[in-house]
1. So E230 clears everything in (1) within 16 Å of ligand 3 (Cβ to nearest atom); (2) over 22 Å from E132 (Cα atoms); (3) assigned to a loop (DSSP other than H, G, I, E, B) except one condition, right? Which one?
2. Out of the strands (runs of 3 or more DSSP E) lying entirely within the stretch 1-54, which hold 1 or more residues that are within 21 Å of M408 (Cβ to Cβ), basic (K, R) and touching a residue at least 60 places away in the same chain (Cβ under 8 Å)?
3. Test P436 against the criterion of being outside any helix (DSSP H, G or I) and either open to solvent by less than 10 Å² (accessible area, probe 1.4 Å) or of a type in the set (D, E, K, R) (or both), and give yes or no.
4. Among the residues that make up the stretch 521-540, is at least one of them in a loop (DSSP other than H, G, I, E, B) and more than 16 Å from ligand 2 (Cβ to nearest atom)?
5. Restricting to the stretch 482-520, name every residue that is open to solvent by 10 Å² or more (accessible area, probe 1.4 Å), touching a residue at least 24 places away in the same chain (Cβ under 8 Å) and not in a loop (DSSP other than H, G, I, E, B).
6. Which residues, taken from the stretch 222-259, are within 16 Å of ligand 2 (Cβ to nearest atom) and within 19 Å of A479 (Cα to Cα)?
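The values are calculated or read from the model by the stated rules, or taken from the named source; none is laboratory data. In this text the structure is predicted, and so the values were computed from the model without any measurement. In this analysis, Cβ positions are derived from the backbone assuming ideal geometry, glycine residues included, and neighbour counts consider all displayed protein chains. Note: areas computed on protein heavy atoms with side chains; ligands, DNA, RNA excluded. Shrake-Rupley method; radii C 1.70, N 1.55, O 1.52, S 1.80 Å.
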Amino acid sequence: MRNVLVNQVGFLPSSDKKAVMNFPCENYKIVNDKNETVYSGTTLHFGTDDISGEDTYIADFSPLNEPGKYTVVVDDVSSCNFFISQDVYSKLMHDVCKCFYYLRCGEGLDKEHSGKYYHEPCHLTKATVYGEDTAPVDVCGGWHDAGDYGRYSTAGAVAVAHLLYGVRLFNNLLDVKFDIPSVTCDHGVLPDILAETKVELDFLMKMQKDDGSVWHKVTTFNHAPFIMPEEDKEELFLFPASSLATADIAAVFALAYTVYKDYDASYANILLEKSFKAYSWLEKNPAPLLFSNATGSNTGEYPEPEDFSNRFWAACALYEATGEKKYYADAVDFKESLEDYDSDNSDKGYQGNVFTCFGWGDVAGLGSLSLILKGDASDLLTLAEESFEEEADRLYYISTANGFGLPMAKEDFIWGSNMELLKYMMILTVANKLSPEEKYLQIITAGLDYLLGCNSMDVSYVTGSGEKAFKNPHLRPTAVDDIEEPWPGLVSGGPNTGLQDEQAQTLPKDTPPMKCYIDHVDCYSLNEITIYWNSPLVFTLAGLLA
Ligand code: G3I
Ligand code: 9MR
Ligand code: ZN
């Protein structure tokens, strides 16, 4: 198939602009919506790379900065339409934020704000504490994790953290309005983004046990069939506490304290108290308390092989929130444990510098962000800053090896590859904030181009954004609600060479990484959505628009 691949949403006037062709070609032109040629040029032959398997040619039309609607035309092939404008990403930002609202569980949605995507209150029953003979617990609320109806503490904490670090670093996020019910605070109403993160924070508070530890997750015993959330009436279970969840909650509550203290002092103080309580439990329980699924149970596991990165994040976040030296000293200890673990384990689940990791499991990068926000000269601050710089340079090097300018190696095309990319875009965003460089911005732009259509699938991986946006997420409500279009603003997990579901296995075994994708509702390993695949896009867009 001959394609002219382009970001189907478009570009900021000042940013780099390119299209990628997967067929030999010499000239290209940019045509506006009156069919006038407004720009033309010659292509650059890049060659073949091992992530797309394609022999690519590039059209660079960066100088075109006149706002408008355009297509790229190469010989007899045209690209999708795209726009150039200063507010080209406004709808995208709105939509990506709004999805958190649609994912609300419990009494969450109202018809005025969710319209045709409304669902009845769900998962209201108290949850049984698995394996214990104690009274059921009310853990109502929060966000559904993903295409399933589970609610998982570590995943929730990380998604909230992406959003709140976004707020701390780029306060333009406080101005994003996405039409959700308003929540009052000390000085009026909370900015939408903080009203939305409060929903998940309130839920995470309920996940904390009296002793300070935090249940790893609340789910039914097995994933629900494809039904609306309110029809999922199976018994809810709280599965055992983990030090992973406890540390992540200590961290995210300390972070949230630093944000909410300016809006709602008493709420912020509750968050800080609960963070202390979780941290005290961690101090009394220094041995890792990891997590694996109960025998026979099949819902998300979110397993992690160590808890050093989580404890490091907690110590850094509490140090930033309180200034107390004891947390700094703890962070130094966890940093050393993490370095030892990192050097002893070549098969760890990430590439690159561990102190820049922003995933649902490896969270030391979030600790680094707290150190950067604290800003006090220290060895750990130097480590944080140098780590982002070193990692950004590694990503730059990788981005030169493919025609798409992507910071992605073939090992990155795992389950949720779009999050691997988005985590890299977050790192580059941080590096660009620390010391602005044109090349960092170029890779962030290339990443966004890829997500929005400049990829070998010629698909936009965000619903509702782009002419060929994916339409069939593995998402229970969308699959059964009889509404043609899915909620706009959902980020797909994206191509995954692991092909870990039956439908994905219909792809030929030698499919290149970038093409290991099908827009099919059954493909949970290629086409699911989750809160923590949307949240890094919010962070990255906030950085880009700052
Ligand atoms: O860590 C290894 C790495 O060493 C190896 O090189 C690489 C390639 O095989 O795999 C890495 O492990 C991957 C792991 O995520 C860590 O990134 C696994 O292959 C991959 O299967 C695993 O995928 C996770 C998936 O659950 C299955 O456990 C996704 O990251 C995670 O986002 C996803 O989360 C699910 C929840 O369980 C349930 N709710 C929906 C959600 C999204 O699909
Ligand atoms: O729908 C589930 C999805 O949300 C999860 O990410 C995935 C892995 O935990 O599991 C999906 O559920 C599938 C189950 O694991 C196996 N039978 C088919 C289910 C999807 O219809
Ligand atoms: Zn629910």
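1. E230 satisfies all of (1) within 16 Å of ligand 3 (Cβ to nearest atom); (2) over 22 Å from E132 (Cα atoms); (3) assigned to a loop (DSSP other than H, G, I, E, B) except (3).
2. Details: elements: 18-21, 27-32, 37-42, 44-48.
Where strands (runs of 3 or more DSSP E) fall fully within the stretch 1-54 and carry at least 1 residues being within 21 Å of M408 (Cβ to Cβ), basic (K, R) and touching a residue at least 60 places away in the same chain (Cβ under 8 Å), they are 18-21.
3. no
4. Residues of the stretch 521-540 in a loop (DSSP other than H, G, I, E, B): 521-523, 529.
Then drop every residue that is not more than 16 Å from ligand 2 (Cβ to nearest atom), which leaves none.
No, that holds for no residue.
5. Passing the criteria: P513, K515.
6. N222, H223, A224, P225, F226, I227, M228, P229, E231, D232
To keep it simple, each residue is scored yes or no on (1) aliphatic (A, V, I, L, M); (2) open to solvent by less than 10 Å² (accessible area, probe 1.4 Å); (3) at pLDDT 95 or above.
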position: K116; (1), (2), (3): no, no, yes
position: C122; (1), (2), (3): no, yes, yes
position: A155; (1), (2), (3): yes, yes, yes
position: V158; (1), (2), (3): yes, yes, yes
position: N171; (1), (2), (3): no, no, no
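Rundown of residues vs (1) in contact (Cβ under 8 Å) with a residue 24 or more places away in the chain; (2) assigned to a helix (DSSP H, G or I); (3) among the small types (G, A, S), yes/no style:
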site: A329; (1), (2), (3): no, yes, yes
site: S337; (1), (2), (3): yes, yes, yes
site: Y341; (1), (2), (3): yes, yes, no
site: D347; (1), (2), (3): no, no, no
site: F358; (1), (2), (3): yes, no, no
site: D362; (1), (2), (3): yes, no, no
site: S368; (1), (2), (3): yes, yes, yes
site: A377; (1), (2), (3): no, no, yes
